[in-house]
Amino acid sequence: MPGSVFTFYSYKGGVGRSFTLANVAVLLARWGHRVLCLDWDLEAPGLGDYFRLRLPGKPRGGVVDLVADFRAGRFAPEAHVMRLRKAGALDFIAAGREEPGYVRQVQEIDWEGLYDEGFGEYLEKCRGQWTNDYDFVLIDSRTGISDIGSICTAHLPDHLVVLFTANQQSIRGATELAGRADAARNLLPFDRSRLTVLPILSRFDNREEYGRSEEWRKTVVAATAELYRAWLDQGVAPETMSRHLTLPYVSYWSFGEQLPVLLEKTPSADQIGFALETVAAVIACRLDRTDLLAENRDAYVAAVRTSRQEFRHELRVSIPRGAVGPAGELVAELKKLNVGVVKSLSGDRSLLARAEDDARHLCLVVDGKVSRWQAAEVELFLHRTLGQDRRVIPILTAGTEAAGLPGYVGNLRYLRFGARGAAGVARDLVAQLRGGTPPAGDDSDLAALLARVRASRLRPPRWDLVGELLTDLQAAVEAGDDPRANELAADLAVAAKARSPHGDGHQAALPETRRSIDRLLRTLARTAAKPNHRKDLG
């Protein structure tokens, strides 16, 4: 997936825009993302001051040198990148060289003329390289209304992070800018989706004047509610999200250029690092899954924090005590297939504590019902799956009915111990985890069979094809041990009798044959319609 560009903007200075960007960048890089920061506040650059102690030296070039490169016919935006020390994959492009000629270099730039000469296409090419090389590109834009501001707020970003304080001028400037940026974006000759805006209430002190702060919060929510409409989950109120996207005023961090996220390792709710983590998590999720944030902020952030971690095991197999035998055989077969697997036996508290973070996927062996212990395992695991390719795969023992399982398990695609034994289940499980060839009776086979049945329903009916199709369908059902097997088998028996050229009730049974095929079609259509949530036929 290509990277996303976030521009940080404020209508007025002094709202902590560069401070917020720098801390968010450090968090994203710490969480395993590739991050590029650009200081596009060319007239008053300052983002580099937050990174000063981790930069390898003074900038050799920067944003203004992109203009020089364009005029010289060069394309090498990577030449101006500096990698921060001991900060993960965090790169920085300064505004320019720190030398006396920098100011003149900025003053001589005619942005409108540059665009007439084709600089927009050149910048678009730079943007393409950045989004290819990085997960997140964070741009620090200058304040106010300007040509540079238009580049940063309309041309380059996918998302706009608008910071403002609790006063009418700051709020109005931020919301009006968002509207102008969206309008300017529509005039661009480049393919862009609608600009989404993340409003951040900054330097907000609700500890000294709680009553007044709540009144101002209502004012802020009313003014910014429309900005949430394009991305906020419908079940989440703007007021709820506004509280999550508020940076408190903490006087200690108002002195100098500091990175509290490096010092507040496990920040509490009253520390600014806590709020910065929330903002960084929303950005890491690209403004998605806000329903989970509203439900449980700590779980939301923790899931993002561990989304790029390396797991010790590929699969954890949760084993109820009534299924130790078949589950143990399954683990042995998985090891033969070179799967890094670890067992979790119900009752082992030390393993329960690690259920969410030491294995990428969770295999839930269900014997009759999901035990309370397994329910706790699933809950812990699901709290760590946000934005990750991590799956819960149930495997049902013989006699376990899927219809009786709770929704969070019953709606998942499952496998079942059957005639194929543990070895067959292990092969099917590996195919799911590693994207290999699906087992017999899986979605692709059923979809093909369904297409053949539909294709056979011509006018007049081609009953000569019914026998072949029903045989194939029966084979798909019998390949597994699905609880619908009896129902489908009964339909097949009626249809088989009806199609027999020697059957006594052949002519009378033709309507029943049609009804049988219709039932099969409906069953298989339900099966094939939702492949991600389909109950497996094996």
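The values are calculated or read from the model by the stated rules, or taken from the named source; none is laboratory data. Quick caveat, the model's predicted, so the values are computed rather than measured. Note that we place each Cβ from the backbone using ideal geometry, even for glycine, and neighbour counts take in every protein chain shown.
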Kindly establish whether Leu163 is within 21 Å of Val15 (Cβ to Cβ), modelled with pLDDT of 90 or more and assigned by TED's automatic domain parsing to the domain that holds Asp91.
yes
Considering only residues that are surrounded by 13 or more Cβ atoms within 10 Å (Cβ to Cβ) and assigned to a helix (DSSP H, G or I), which ones fall in region 96-120?
Tyr102, Gln105, Val106, Trp111, Leu114, Tyr115, Phe119, Gly120
Residues of region 305-343 being more than 30 Å from Ala284 (Cα to Cα) and either of a type in the set (D, E, K, R) or outside the structural domain of Thr397 (by TED's automatic domain parsing) (or both), which ones?
Arg321, Glu329, Glu333, Lys335, Lys336, Lys343
Listed residues Leu90, Leu66; which is in the same structural domain as Pro260 (by TED's automatic domain parsing) and touching a Lys or Arg at 6+ places or on another chain (Cβ under 8 Å)?
Leu90
Lone unmet requirement of (1) modelled with pLDDT of 85 or more; (2) within 21 Å of Gly32 (Cβ to Cβ) for Arg305:
(1)
Looking at region 168-191 only, could you name the residues that are of a type in the set (S, T, N, Q) and under 16 Å from Leu156 (Cβ atoms)?
Asn186
Pro267 fails exactly one of the following numbered conditions: (1) of a type outside the set (Asp, Glu); (2) at pLDDT below 90; (3) in contact with a Ser or Thr (Cβ under 9 Å, 6 or more places away or on another chain). What is the number of that condition?
(3)
Looking only at region 162-191, which residues are touching a residue at least 24 places away in the same chain (Cβ under 8 Å) and not in a helix (DSSP H, G or I)?
Val162, Leu163, Phe164, Thr165, Ala166, Leu188, Pro189, Phe190
Helices (runs of 4 or more DSSP H) (entirely within region 253-300) containing at least 2 residues that are under 15 Å from the mean Cα position of the chain (by Cα):
272-284, 290-295
Filtering region 225-252 down to residues that are over 25 Å from the mean Cα position of the chain (by Cα) and among the polar types (S, T, N, Q) yields Ser251
Determine which member of the set Thr219, Thr175, Thr196 is at pLDDT 90 or above, of a type in the set (Ser, Thr, Tyr) and surrounded by 15 or more Cβ atoms within 10 Å (Cβ to Cβ).
Thr196
For region 312-346, which positions are in a helix (DSSP H, G or I), charged (D, E, K, R) and free of Cβ contacts under 8 Å to residues at least 40 places away in the same chain?
Arg321, Lys335
